[in-house]
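Quick one: the structure is below, questions incoming.
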Amino acid sequence: MNTVLANAQAEGRIPGSVYDVLYLENEAGYILENLNPTAEGYYYAWDQANNKIIYLMSDLQTVYYPEDYTLTEANCWITVSNAAEAAKIAGYGYNLALECDIDEEIVLSNVVSINTLGFKAGNIIFNGDSSSKSVQTAYMIGTFGNIGGTLGASSIVQSGTATNFNVSSNNAASSVTVSGYVNSFSVSGSAAASVTSAGLVNTVASTNTSSINSNGVVVHSNGSSVVGGTSVTKDNKVQASTKEDLESIRLQVASGLRNFSGETIELTQDINMNGIAFTPISSYYRKAAEDVTGKSADAWFSGTIDGKNYSIQNLSNKGFSIAGITAGTNGSSVQFGESRVTYSEAIYGLFASVRNATIKNVTITVDIDMMIDNQNQYVGDSVGGLIGFSMGDLTLENITVNGSVRGYDGVGGIVGRCYADGDKKTITLKNVTNNADVTGARHTGGIIGFASGVTISFENCVNNGTIKNLGHDYDKNVLGAKDSSATGGHNGVGYYHAAAAYTGKCVTAGAEGVNTTSFTKQYLSDNGVSSKAQSNNYCTGKLPGFTNNGKMYIGDVQVQYLTQEADYDYAIEHK
């Protein structure tokens with residue numbers, strides 16, 4: 001296991017969290033649902049400071065391997081599955097990683113870091129004092145109930161979500177920082193308290209401290225508050241500089257408590273995702289349009305991202321577990337084989353699902369393969385390098401995607417699938433470039449894979465990637481269909497449907513073509529728009545504001561039988 005970490009580090013894939021360690025070990029064939037040895041009474045621990053796996057005996061103090069290893073408990077993480085185990089391990093000063101939901105109240109004699117690893121923790125009570133083995137700074141990462149108790153000399157930094165965060169400390173060396181979402185926040189005693197620009201606090205309760213950062217506190221309940229004589233006002237700017245910042249944003253969106261509407265997230269530097277599987281921001285799967293329009297109960301990202309011309313590098317889903325996202329079925333879910341087995345659909349992108357969002361000034365490099373998983377019986381439906389699934393208005397400006405995107409249905413280099421949301425149906429694309437190679441089984445495009453009920457405007461948009469639509473569906477007129485009832489489009493937008501419309505007109509052979517807003521159903525060819533739908537209206541020629549430089553391929557595989565990897569690469573060049 002240490003060889004795995006050393007090899008990954010040599011490749012620049014340096015784990016930033018215990019989640020990353022578990023991912024790297026699983027990728028190498030160590031199928032560990034958690035970091036536990038099979039021998040009872042022994043423990044694995046990850047030493048984060050030295051990036052080493054160490055093997056501990058049952059006393060949690062004797063290092064069995066490596067020999068002559070200097071043990072620093074505050075640097076080490078051990079996985080736990082219940083409150084009693086958590087209390088025991090934290091009693092020695094080790095940090096905790098959850099391997100399942102723990103609904104019990106967890107009472108800890110030391111203040112240590114906790115990472116819920118996508119699971120949920122119940123209430124956390126700290127009983128820290130200056131003589132304990134508490135860490136100097138504890139990081140609370142993930143989804144928590146209430147966080148309370150006494151801190152001693154320790155400081156706490158919270159990201160993700162917590163229902164209530166109410167702690168005390170009479171040690172001036174301690175501090176409390178909120179960098180995620182907290183419903184109610186209070187600090188008593190002499191500890192300093194702050195809410196960063198990434199944090200959101202719904203209610204600031206009474207506190208004795210006056211050192212709350214007034215520039216960072218976001219109070220949505222009443223817009224302003226007064227804490228210790230300091231005026232607290234709403235600040236709409238959030239800064240992100242690390243993969244962990246993006247994970248905190250993801251946790252907050254997934255909770256349904258913060259969708260970042262009216263807020264802008266700004267990147268402050270390039271972020272390297274290290275090719276370690278990333279659970280996307282927002283994990284909403286694609287339902288039928290009538291089950292979505294006008295509803296807001298699901299967790300969507302609805303804010304603005306301003307990349308400030310920085311980049312997000314090496315985004316990947318490789319090794320990603322379907323358990324980390326929401327998957328489901330709808331009326332059009334694919335059925336495979338003669339027995340017609342229905343596969344679930346899962347979406348993927350840096351943002352899996354957005355609603356009325358704006359993203360601008362960012363370059364992203366991706367390696368995404370969400371084609372099909374026969375073991376878990378799901379396909380990648382709505383897969384994009386930047387966004388998997390968009391509802392409502394969407395603005396993309398100064399965006400570049402590089403790398404490779406593979407999915408099953410609704411696959412795009414930039415956006416997988418776009419739907420209208422009532423009267424919100426405007427897609428604005430300006431200076432958007434796809435350099436990624438894009439492969440899908442159906443509804444595949446260089447910029448957008450599928451669009452329905454929306455108006456799209458292109459301005460200076462370019463596809464340079466190779467686009468492959470691998471097959472056709474025996475009962476649907478889809479991209480690449482072999483029958484004569486449909487023609488396939490496969491670059492700018494793979495499939496354009498249900499009163500979808502462009503702004504502007506397409507141009508044919510030097511003459512102005514029909515306005516595409518009149519089309520009831522459209523298929524976009526490599527030159528522009530082509531339709532053989534009920535209206536028999538069609539327009540061929542150049543799509544305004546869009547240039548395609550990439551090669552196009554259409555396959556003849558019947559998509560419901562795409563179950564072998566060999567089938568994925570079978571395509572013929574479109575003439």
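The values are calculated or read from the model by the stated rules, or taken from the named source; none is laboratory data. The structure presented is a predicted model; accordingly, all values stated were derived computationally and were not measured. Reconstructed Cβ throughout: ideal geometry from the backbone, glycine too, with neighbour counts over all protein chains shown. These area figures cover heavy atoms from the full protein model, side chains too; ligands, DNA and RNA do not enter into them. Shrake-Rupley method; radii C 1.70, N 1.55, O 1.52, S 1.80 Å.
Of everything in segment 115-132, what is assigned to a loop (DSSP other than H, G, I, E, B) and more than 21 Å from Ile249 (Cα to Cα)? Give them in sequence order.
Of segment 115-132, the ones assigned to a loop (DSSP other than H, G, I, E, B) are 122-123, 128-132.
Asn123, Gly128, Asp129, Ser130, Ser131, Ser132, listed by residue number.
If the requirement is being under 21 Å from Gly16 (Cα atoms) and assigned to a helix (DSSP H, G or I), which of these qualifies: Ala74, Ala86? Reasoning before the result, please.
Values: Ala86 fails: under 21 Å from Gly16 (Cα atoms).
Step by step, each of Ala74, Ala86 is checked, and only Ala74 is under 21 Å from Gly16 (Cα atoms) and assigned to a helix (DSSP H, G or I).
Could you check Val21 against (1) under 22 Å from Tyr69 (Cα atoms); (2) loosely packed, with under 13 Cβ neighbours inside 10 Å; (3) β-branched (Val, Ile, Thr) and say which number it fails?
Status for Val21: all satisfied but (2).
I would also like to ask the following. Condition test on Asn51, is it at pLDDT below 85, surrounded by 13 or more Cβ atoms within 10 Å (Cβ to Cβ) and closer than 24 Å to Met140 by Cβ? Don't jump to the end; show me each part of the working.
Values: at pLDDT below 85: no; surrounded by 13 or more Cβ atoms within 10 Å (Cβ to Cβ): yes; closer than 24 Å to Met140 by Cβ: yes.
Spelling it out, it is not the case that Asn51 is at pLDDT below 85, surrounded by 13 or more Cβ atoms within 10 Å (Cβ to Cβ) and closer than 24 Å to Met140 by Cβ.
Which one of the conditions (1) open to solvent by 10 Å² or more (accessible area, probe 1.4 Å); (2) in contact (Cβ under 8 Å) with a residue 60 or more places away in the chain does Arg442 fail to meet, given that it meets all the rest?
(1)
Which of the following residues is open to solvent by less than 10 Å² (accessible area, probe 1.4 Å) and among the aromatic types (Phe, Trp, Tyr): Tyr378, Tyr408, Tyr419? I'd like the intermediate steps shown before the answer.
Values: Tyr378 fails: open to solvent by less than 10 Å² (accessible area, probe 1.4 Å); Tyr419 fails: open to solvent by less than 10 Å² (accessible area, probe 1.4 Å).
Result of the check over Tyr378, Tyr408, Tyr419: Tyr408.
Consider Glu40 against the criteria (1) open to solvent by less than 40 Å² (accessible area, probe 1.4 Å); (2) under 23 Å from Val63 (Cα atoms): it satisfies all of them except one. Which criterion is unmet?
Of the numbered conditions (1) open to solvent by less than 40 Å² (accessible area, probe 1.4 Å); (2) under 23 Å from Val63 (Cα atoms), the odd one out for Glu40 is (1).
Within segment 416-435, can you find the residues that are under 19 Å from the mean Cα position of the chain (by Cα) and touching a residue at least 60 places away in the same chain (Cβ under 8 Å)? Working first, answer last.
As a first pass, look at segment 416-435 and keep what is under 19 Å from the mean Cα position of the chain (by Cα): 416-418.
Listed by number, the residues that qualify are Gly416, Arg417.
Continuing with this model, one more query. Can you find a residue that is aromatic (Phe, Trp, Tyr), in a loop (DSSP other than H, G, I, E, B) and under 30 Å from Asn272 (Cα atoms) anywhere in segment 29-48?
Step one: filter segment 29-48 for residues aromatic (Phe, Trp, Tyr), giving 30, 42-44, 46.
If we keep only those that are in a loop (DSSP other than H, G, I, E, B) too, we end up with 30, 42.
Those still in the list that are under 30 Å from Asn272 (Cα atoms) too: 30.
Checked segment 29-48: at least one residue is aromatic (Phe, Trp, Tyr), in a loop (DSSP other than H, G, I, E, B) and under 30 Å from Asn272 (Cα atoms).
Now a separate question. Give the number of residues within segment 1-60 that are within 24 Å of Ile114 (Cβ to Cβ), in contact (Cβ under 8 Å) with a residue 12 or more places away in the chain and not hydrophobic (A, V, I, L, M, F, W, C).
Total meeting the criteria: 24.
In addition: Scanning segment 133-181 for residues that are of a type in the set (Gly, Ala, Ser), open to solvent by 10 Å² or more (accessible area, probe 1.4 Å) and not in a strand (DSSP E or B), which turns out nearest to Ile281 (Cα to Cα)?
Ser179
Could you list, in sequence order, the residues of segment 61-90 that are of a type in the set (S, T, N, Q) and in contact (Cβ under 8 Å) with a residue 60 or more places away in the chain?
Keep residues of segment 61-90 that are of a type in the set (S, T, N, Q), which gives 61-62, 70, 72, 75, 79, 81-82.
Result: Thr79, single match.
Go through (1) over 19 Å from Ile89 (Cβ atoms); (2) part of a helix (DSSP H, G or I) one by one and return the number of the condition Arg13 breaks.
(2)
Would you mind stating whether Ala8 is out of contact with any Phe, Trp or Tyr (no Cβ under 9 Å at 6 or more places or on another chain) and open to solvent by 50 Å² or more (accessible area, probe 1.4 Å)? Quick ask: steps written out before the conclusion?
Values: out of contact with any Phe, Trp or Tyr (no Cβ under 9 Å at 6 or more places or on another chain): yes; open to solvent by 50 Å² or more (accessible area, probe 1.4 Å): no.
In short, no.
Do the conditions hold for Gly319, that is, is it at pLDDT 75 or above, open to solvent by 50 Å² or more (accessible area, probe 1.4 Å) and in a loop (DSSP other than H, G, I, E, B)? So that I can check it myself, show each step before the final result.
Details: at pLDDT 75 or above: no; open to solvent by 50 Å² or more (accessible area, probe 1.4 Å): yes; in a loop (DSSP other than H, G, I, E, B): yes.
So Gly319 does not fit the description; no.
Oh, and also: Being assigned to a loop (DSSP other than H, G, I, E, B) and not charged (D, E, K, R) is the filter here, so list the residues in segment 99-114 that pass it.
First, pick out the residues of segment 99-114 that are assigned to a loop (DSSP other than H, G, I, E, B): 99-101, 103-105, 109-113.
Scanning segment 99-114 gives Cys100, Ser109, Asn110, Val111, Val112, Ser113.
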